[in-house]
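**Student:** Structure below; questions to follow.
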Amino acid sequence: MTGIAVHTPGSALPVEVEAVELHRIAMPLVRPFETSFGRQSARDVLLVRVLTAQGEGWGECVAMADPVYSSEYVEGAAAVIRDYLAPALLDARTVRAAEVTSVLGATVGHRMAKAALEAAVLDAQTRAAGVSFGEYFGAVRPEVDCGVSVGIAPSIEALLDEVTEYAEAGYRRIKLKIKPGWDLEPVAAVRSMLGPDALLQVDANTAYTVADIDHLRGLDDFGLLLIEQPFVEEDIAAHVTLAQAIDTPVCLDESITSTAVAIDAIERDATSIVNIKAGRVGGYLEAIRIHDACLERDVPVWCGGMLETGLGRAANVALAALPGFTLPGDTSASDRYFAEDLTESFVLVDGRLAVPAGPGSGVTVRTELVAAWRTRPTELLARA
Ligand code: SMG
Ligand code: MG
């Protein structure tokens, strides 16, 4: 069974939204994370809390501090929620999670901001009904296989140390960030250290151009699961050209912003595997539609990550429990990024994380930590 499985009567009942709160916190990372976009050492997080007549709900916005992964960024997401999205949601008053996209539809783009609001409504709605995200989404397994994303390191030696640490922790798949000047050599070193059977993939975060295709073919020597998003997000055609030239499967991340784009990219053979991130596509319900479209076309999917706190991680793990998620995701344990998580910690057991079973997201935001880590005053948005 795919799609939204409403197992419990009442799980699709609407909530009456009374107010929206914006919370802004900073969480230090246990180690800096470097990609082709740059280096970050803290996570600047925007949290959304909806207050409804049926109870509260929390959502996490995955936008980064700067507009480098996509055009969205935390300060911009807070502004668009404050000025456009929260007023639209408050105007609608009574809303189901499945209606949030259309309620917010007058605003173009800003998918990460919209996804945070949808997640908060989804949390309130499913908590009120006593249904977990896993049940609501149609999860088919109680735990999910986890991979880990490894940043660009200062040296090959430092990279091998970091990969060793994750392999010993039990991660079932390693993803290496690559960029021009940091690709064939680190990948060769990690492959030779892990041996031929380890699941290994790379992510370029748009750092290459079609002029690099010959060079990228060098990756075919390393038995990779996939190469993720080598070229700029708008250039589907360049990925088609690469897919024809290389044996390593091409997987799109940044390019996939909706179900329609996903279907188009698959039909054009630009991507043979899809990275699904709810924030990037405007919410978990659109993420599920992409999953369904991929499953129908026999295209494997996996769950991406945006250095989420336990709140966003909980929803990602529930999503990754859907049947089409056949590859380990970037659903790492809490301690991959944070010394202390905002919710109950996600702990890796045998390379897997458990899908939370409680109502809603199944995790509790530790409000004392929101208060301690706050970087801006709370904003309360209510109906005028
Ligand atoms: O949550 O473990 C995570 C992060 C995984 O590599 C990761 N995410 O392009 O897939 C990606 C990146 C985006 C965030 S880094 C700018
Ligand atoms: Mg990526």
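None of the figures in this text is laboratory data; all of them are computed from the coordinates on show. Note that the structure is a prediction, hence the values are computed from the model and not measured. Here Cβ is always computed from backbone atoms with ideal geometry, including for glycine, and neighbour counts include all displayed protein chains.
**Student:** Each label point is 7 Å from the Cα along the Cα-to-Cβ direction; what then is the distance between the points at A245 and E368, in nm?
**Tutor:** That separation, rounded to one decimal, is 5.7 nm.
**Student:** Between rounded, prolate and oblate, where does segment 21-148 land on the alpha carbon gyration tensor, with a ≥ b ≥ c its root eigenvalues, rounded for a/c under 1.5, else prolate if a/b exceeds b/c?
**Tutor:** Verdict is oblate for segment 21-148.
**Student:** Could you please rank D335, D183, placing first whichever residue has the fewest other Cβ atoms within 10 Å of its Cβ?
**Tutor:** In increasing order of surrounding Cβ atoms, one gets D335, D183.
**Student:** Pop the C-beta distance of V108 and A357 into the FRET formula with R0 = 35 Å and round what comes out to the nearest 0.05.
**Tutor:** Calculated transfer efficiency: 0.40.
**Student:** Next question, about the same structure. What nm value, rounded to one decimal, do you get for the distance between D212 and E75 when each label is placed 7 Å out toward the C-beta?
**Tutor:** 2.9 nm
**Student:** Further, regarding this structure: Given an 8 Å cut-off on Cα distances and at least 6 residues of separation, report the relative contact order of the chain as a percent.
**Tutor:** Over the chain, the number comes to 23 percent.
**Student:** Rounded to the nearest 20 Debye, what is the dipole magnitude of the chain about its Cα centre when Lys and Arg each give +1 and Asp and Glu each give -1 at the C-beta?
**Tutor:** 920 debye
**Student:** Same structure again: Determine the calculated [θ] at 222 nm for the chain from helices alone, applying -39500 (n - 2.57) to every DSSP H run no shorter than 4 residues and normalising by the residue count; nearest 500 deg cm²/dmol. All intermediate terms of the calculation are to be shown ahead of the outcome.
**Tutor:** Details: 14 runs with 124 residues, N = 384.
So the calculated ellipticity at 222 nm is -9000 deg cm²/dmol.
**Student:** Two decimals is fine: what's Rg over Rh for segment 135-354, C-alpha atoms, Kirkwood radius as Rh? Each step should come with its number before you reach the end.
**Tutor:** Working: Rg = 16.6 Å, Rh = 17.5 Å.
We get a ratio of 0.95 for segment 135-354.
**Student:** Continuing with this model, one more query. Neighbouring Cβ atoms within 10 Å as the yardstick, rank V349, V148 fewest first.
**Tutor:** Ordered from fewest to most neighbouring Cβ atoms within 10 Å, V349, V148 come out as V349, V148.
**Student:** Would you work out the relative contact order for segment 135-354, in percent, from Cα pairs under 8 angstrom that are 6 or more residues apart?
**Tutor:** 23 percent
**Student:** Of the beta bridges DSSP finds with both residues in segment 135-354, what % are antiparallel, to the nearest 5? Please report the intermediate quantities before stating the final value.
**Tutor:** Values: 5 of 24 bridges.
Approximately 20 percent, going by the DSSP bridge assignments.
**Student:** Something else: Add +1 for every Lys or Arg and -1 for every Asp or Glu among the other residues with Cβ under 15 Å from the Cβ of L46, and state the total.
**Tutor:** Numbers: positive: R24, R43, R49, R82, R111, K114, R374, R376; negative: E21, D44, E60, D66, E72, E75, D83, E118, E308, E379.
So the environment of L46 carries a net charge of -2.
**Student:** I've got another one for you. Quick check: from the Cα gyration tensor, does segment 114-266 come out rounded (a/c under 1.5), prolate or oblate? Could the numbers behind the result be given before it?
**Tutor:** On the way: a/c = 2.35, a/b = 1.40, b/c = 1.68.
Cα axes put segment 114-266 in the oblate bin.
**Student:** How would E18, E60, E368 line up from fewest to most surrounding beta-carbon atoms within 10 angstrom?
**Tutor:** Fewest to most other Cβ atoms nearby, the residues stand as E368, E18, E60.
**Student:** Follow-up question, since we're still on this one. Only loop residues by DSSP count here, and only those with at most 16 other Cβ atoms within 10 Å; note down the GluC sites (Glu not before Pro) in segment 175-263 that meet that.
**Tutor:** Answer by residue number: E234.
**Student:** Using a Förster distance of 45 angstrom, determine the FRET efficiency expected from the C-beta separation of A169 and R93, and round it to 0.05.
**Tutor:** Computed FRET efficiency for A169 and R93 comes out at 0.45.
**Student:** Same structure, new question: How far apart, in nanometres, would the label points at A42 and A65 be if each is projected 7 angstrom from Cα along the Cα-to-Cβ direction?
**Tutor:** 0.6 nm
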